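**Q** One structure is given below, represented as structure tokens, and several questions about it will come after.
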Amino acid sequence: MRLKKIAAGALLSLGAGLAQADTVKMECGAGATVKSFCDYVKARFEAETPHKLQFIDLPRASDEKLSMLQQIFATKDSKVVDVMAIDVVWPGVLDRHLLDLTEHVKDLEPAFFSSVWQNNIVNGRVKGVPNFIDAGVLYYRSDLLEKYGEQPPTTWQDMARIAAGIQDAERAAGSRNLHGFVFQGKAYEGLTCDALEWVASFDGGSFVEPDGSISANNPKAIEAFKTAASWIDTISPKGVLAYQEEEARAVFQNGDAVFMRNWPYAYLLSQDDASPVKGKVSMMPLPRGGEGGQHAAALGGWQWAVSAYTQVPEAAIALVRMLADFESQRQNFLQMGVSPARLDVYEDAEVQAKGPHLTLLKEAFDGAVARPSTVTRTEYPKVSKAIWNAAYDTLSGRASAEAALADLEGRLKRFKGREWK
Ligand code: GLC
């Protein structure tokens, strides 16, 4: 096996057959079923190398996790973490705190989706290896749509109409807790993803364009924000203003929502034997923003990276290579339902049997819209916070869409200055 060869190579390089056993501290990523995957990783790593693996916890929400890592790295700490999952929007932000993996992983490149591999290259150096990819999708209750003779919606307007109709009829029939649509409305990184999807689906750009220009305040973006605000307290409970992914999933999986915006991980969980909606859930691309709009999914996903301050680089790199191989990525899908970043996993028979939705996901990735992290570089955390606050203010009625986006434009201009640094 390839990994055994590498582990043996790493050992030989320590000289004289000395099997040095290091302990690698790893953050295994967040998610509802992450534990079984972490157990698999530990068992394999400790069986196939002389090293030990210890897990550490970091906050689940992307932006909170980033703040925590920035605090840890600010002191050049080498004790807390060696290997961690980093968000697709972070390579540029964390760059100098991440070990240069180029020479250790460059042979792996052809196995991965090219755009995702490229996203981890900062100033010519590979700073991460893809773990899984994400793209926003729309989940719906196929049983309810069928019951009311509705087809899956093609536009957001259509979605809202169907959601309202089913919600009202089911409530009248006694299902008091049923909501039309749940999504991520809390002020955090997830809302930046949802807001980008609304705006891009109306053909209103991505707040900051790949060439660095600021496009946030335009009539299509305003229309998109207005559309989203109209869902609150009509088809979406006010509570969505506090929802992250897992809160939305809890409501949907409990059978209390007709539609849900979420990432692909929610599918396998919804099909669990204990799930009240097992066999009643379908997925489709997110709706278009009106007839002239387009299907737009935010691109998400996580990468394995090594701290630049690690004292166990060889063991950490051996771990990253193990995490990046076919079997790890296959297990990652089979146990967590997240979409493989490696192309060959999609060809696996067991994966195909468990994930008929994978074809849809592959399509969603092809057209996925990136958050403006590459162009805004180290300013991205501030940019994203300004975006989610503008969306939150609009959803909560604190500001009109016009005022929130004008304010966002002003902030983005100040962050940019003469050019994005
Ligand atoms: C998912 C995505 C990640 C995104 C996060 C927002 O974990 O993979 O890219 O930042 O959701 O909540």
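**Q** Over all directions, how big on average is the projection of the convex hull of the alpha-carbon atoms in the chain, in square nanometres?
**A** Across all orientations, the chain yields a mean hull projection of 20.4 nm².
**Q** Tell me which of 302, 112, 253 sits at the most positive position along the dipole axis of the chain, charges placed on C-beta atoms (Lys, Arg +1; Asp, Glu -1).
**A** In the chain, that residue is 302.
**Q** Tell me, 382, 220, 280 in order of fewest to most beta-carbon neighbours within 10 Å?
**A** Ranked by crowding around the Cβ, least crowded first: 382, 280, 220.
**Q** Between segment 132-207 and segment 330-408, what is the C-alpha centre distance in whole Å?
**A** Cα centres, segment 132-207 to segment 330-408: 16 Å.
**Q** What distance in nm separates the two pseudo spin-label positions at residue 35 and residue 213, each 7 Å out from Cα along the beta-carbon direction?
**A** Label-label distance for residue 35 and residue 213, simple model: 5.2 nm.
**Q** So for segment 222-320, taking the charge dipole from beta-carbon charges (+1 Lys/Arg, -1 Asp/Glu), which of 240, 317, 266 sits furthest toward the positive end?
**A** 240
**Q** I've got another one for you. Tabulate in residue order the Karplus-calculated ³J(HN,Hα) for segment 244-249, using 6.51 cos²θ - 1.76 cosθ + 1.60 with θ = phi - 60°, rounded to whole Hz; enter x for Gly and Pro.
**A** Using θ = phi - 60°, the values come out as 9, 4, 5, 5, 4, 5 Hz.
**Q** Check residue 126: other-chain or 5+ apart residues with amide H under 5 Å from its amide H, H built from backbone geometry?
**A** 101, 102
**Q** Pull up all non-local amide H partners of residue 182: gap of 5 or more, or a different chain, and H-to-H distance under 5 Å with H placed in the peptide plane.
**A** Amide H neighbours of residue 182, under 5 Å, 5+ apart: 259, 260, 261.
**Q** Please give the charge dipole size of segment 263-374, origin at the Cα centre, charges +1 on K and R Cβ atoms and -1 on D and E Cβ atoms. Round to the nearest 20 debye.
**A** 340
**Q** Remind me, what semi-axes does segment 171-259 give for its equivalent ellipsoid, largest first in whole Å, using sqrt of 5 times each Cα gyration tensor eigenvalue?
**A** Semi-axes from the Cα gyration tensor: 29, 14, 9 Å.
**Q** In terms of the Cα gyration tensor, with a ≥ b ≥ c the square roots of its eigenvalues, is segment 259-323 rounded because a/c is under 1.5, prolate because a/b exceeds b/c, or oblate?
**A** Cα axes put segment 259-323 in the oblate bin.
**Q** Under 11 Å from the Cβ of residue 235, count the other residues' Cβ atoms, weight Lys and Arg +1, Asp and Glu -1, and hand me the total.
**A** Overall, the nearby charge balance is -1.
**Q** Determine, from the Cβ-Cβ distance of residue 114 and residue 272 and an R0 of 35 Å, the FRET efficiency 1/(1 + (r/R0)^6), rounded to the nearest 0.05.
**A** 0.55
**Q** From the phi of every residue in segment 384-394, what ³J(HN,Hα) in whole Hz does the Karplus formula 6.51 cos²θ - 1.76 cosθ + 1.60 yield, where θ is phi - 60° and glycine or proline is x?
**A** Rounded to whole hertz, the list is 5, 4, 5, 5, 5, 5, 4, 5, 5, 4, 5.
**Q** Something else: Which log10 I(q)/I(0) values, to two decimals, does segment 371-421 give at q = 0.15, 0.16 Å⁻¹ under the Debye formula with one point per Cα?
**A** With no solvent term, the Cα-only Debye profile gives -0.40, -0.44.
**Q** Quick query: amide H of residue 370 versus all other amide H atoms, modeled in the peptide plane; which residues come in under 5 Å with a sequence gap of 5 or more or a different chain?
**A** 299
**Q** Given the chain, what percent of its DSSP beta bridges are antiparallel, to the nearest 5?
**A** 70
**Q** Calculated FRET efficiency, residue 42 and residue 282, Cβ-Cβ r, R0 35 Å, to nearest 0.05?
**A** E between residue 42 and residue 282, to the nearest 0.05, is 0.50.
**Q** Charges only on Cβ, +1 for Lys and Arg, -1 for Asp and Glu: so what's the dipole of segment 71-152 about the Cα centre, in debye to the nearest 20?
**A** For this selection, approximately 260 debye.
**Q** Using a cut-off of under 20 Å, list every residue of segment 44-79 whose amide N is near the label point 7 Å from the Cα of residue 96 along the Cα-to-beta-carbon line.
**A** 66-79, by backbone N distance to the label point.
**Q** Take the cross-link list 385/416; 186/385; 65/416; 186/238 and give me the ones stretching past 20 Å between alpha-carbons.
**A** Checking Cα-Cα distances, 65/416 exceed 20 Å.
**Q** Need the list of aspartates and glutamates near residue 278 for cross-linking: C-alpha distance under 16 angstrom, and skip anything on the same chain fewer than eight residues off.
**A** By straight Cα distance, residue 278 reaches 143, 146, 256.
**Q** Need the list of lysines near residue 106 for cross-linking: C-alpha distance under 22 angstrom, and skip anything on the same chain fewer than eight residues off.
**A** Within the straight-line limit of under 22 Å, residue 106 reaches these lysines: 4, 5, 127.
**Q** What longest region of the chain stays clear of GluC sites (Glu not before Pro) that DSSP places outside H, G, I, E and B and that have at most 16 other Cβ atoms within 10 Å?
**A** 1-290
**Q** Ok, one more. Before rounding to the nearest 500, sum -39500 (n - 2.57) across all DSSP H runs of length at least 4 in the chain and divide by the residue total; then give [θ] at 222 nm in deg cm²/dmol.
**A** Roughly -13000 deg cm²/dmol at 222 nm, from the helical runs in the chain.
**Q** Through the Karplus equation 6.51 cos²θ - 1.76 cosθ + 1.60, θ set to phi - 60°, convert the phi angles of segment 342-352 into ³J(HN,Hα) values in whole Hz; use x for Gly and Pro.
**A** Running phi through 6.51 cos²θ - 1.76 cosθ + 1.60 with θ = phi - 60° gives 8, 5, 5, 5, 5, 8, 5, 5, 5, 4, 5 Hz.
**Q** Now for a different question. Where does helix 313-323 land angle-wise versus the long Cα axis of the chain, in degrees 0 to 90, nearest 10?
**A** That works out to roughly 50 degrees.
**Q** Based on the Cβ-Cβ distance of residue 421 and residue 77, what FRET efficiency does E = 1/(1 + (r/R0)^6) give at R0 = 22 Å, to the nearest 0.05?
**A** 0.30
**Q** Enter the mean projected area of the convex hull around the alpha-carbon atoms of segment 166-207, in nm², rounded to one decimal.
**A** Over every viewing direction, the Cα hull of segment 166-207 projects on average to 3.9 nm².
**Q** Sticking with this one: So how do 26, 68 line up by other beta-carbon neighbours within 10 Å, fewest first?
**A** Starting with the residue having the fewest Cβ neighbours, the order is 68, 26.
**Q** Output the Cα-based Rg and Dmax of segment 244-356 in Å, rounding Rg to one decimal and Dmax to a whole number.
**A** Computed over the Cα atoms of segment 244-356, radius of gyration and Dmax are 17.5, 56 Å.
**Q** Straight-line reach from residue 52: which aspartates and glutamates fall under 17 Å, measuring Cα to Cα and dropping same-chain residues less than 8 apart?
**A** Answer for residue 52, where 17 Å is the Cα cut-off: 22, 27, 39, 82, 314, listed by chain and number.
Any read-out appearing in this document is the output of simple, stated calculations on the displayed coordinates, not a laboratory observation. Only a predicted model underlies this, so the values are computations on that prediction, with no experimental measurement involved. Here Cβ is always computed from backbone atoms with ideal geometry, including for glycine, and neighbour counts include all displayed protein chains.
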